[in-house]
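Heads up: the structure comes next, in structure tokens.
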Amino acid sequence: MSEFRGPQYGPPPGYGPPPQWAPQQATWPHGPGRPSLATAAGVLGYVTAGLTIVVSLIMLAITISGHGDGTTGVLVLGLPCAAGLIVGANQMLRRESERNLFACAGLSIGVLVLSLLIGVVTLGKADLLAQAVFVALALPLPLLTAIFARNRTVVDWLAARDR
């Protein structure tokens, strides 16, 4: 028998041992990741804010030009709501709080409903129909944002950050 003592086989030089992966600790019952509803609420907050800014600036221009009415004046109130939605979406996605996002989405809903109620009192049939269609198309975004922000899974995820 020969006593061949050739080179030892192993990883090529410079590679070292394979990394040791430690499992991540679950910070809430459903794992370490952000729930998809929290992400959806944050993203809807940004989308709602962006569209609200565009519409509110158009309504502001109409109101300033003197061609507006009560409904366009009320819809200008969407600008502070949009600012709050952006702040609230940031807070949600940083796992700080859902309160601002929920409150500003609720205020956005209130502005839309108020504009419709003012339209019922002040607008003719054709303009009222247009206002109702606008509100019906605009309402789902802040409504879903508010619903997603206060979903039990999202609230539990935010509450688990303190544990």
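Any idea what diffusion coefficient the range 36-162 gets from Stokes-Einstein, in µm²/s, Kirkwood Rh on alpha carbon pairs, 25 °C, 0.890 mPa s?
165 µm²/s
Could you please rank 85, 60, placing first whichever residue has the fewest other Cβ atoms within 10 Å of its Cβ?
Going from least to most buried by this count: 60, 85.
Residue 106: net charge of surrounding residues, Cβ under 15 Å, Lys/Arg +1, Asp/Glu -1, itself excluded?
Neighbourhood net charge equals +1.
Got a sec? How would 102, 148, 134 order by Cβ neighbour count within 10 Å, fewest to most?
134, 102, 148
Using 1/(1 + (r/R0)^6) with R0 = 25 angstrom and r between the beta carbons of residue 103 and residue 156, what's the FRET efficiency to the nearest 0.05?
0.80
Take 36, 56, 115, 65 and order them by how many other Cβ atoms sit within 10 Å, fewest up front.
Final ranking by Cβ density, sparse to dense: 65, 36, 56, 115.
Values quoted throughout were computed directly from the atomic coordinates according to the rules given, and no laboratory measurement underlies them. If you're wondering where the values come from, they're calculated on a predicted model, not measured in any experiment. Backbone-built Cβ (ideal geometry, glycine too); neighbour counts: all protein chains shown.
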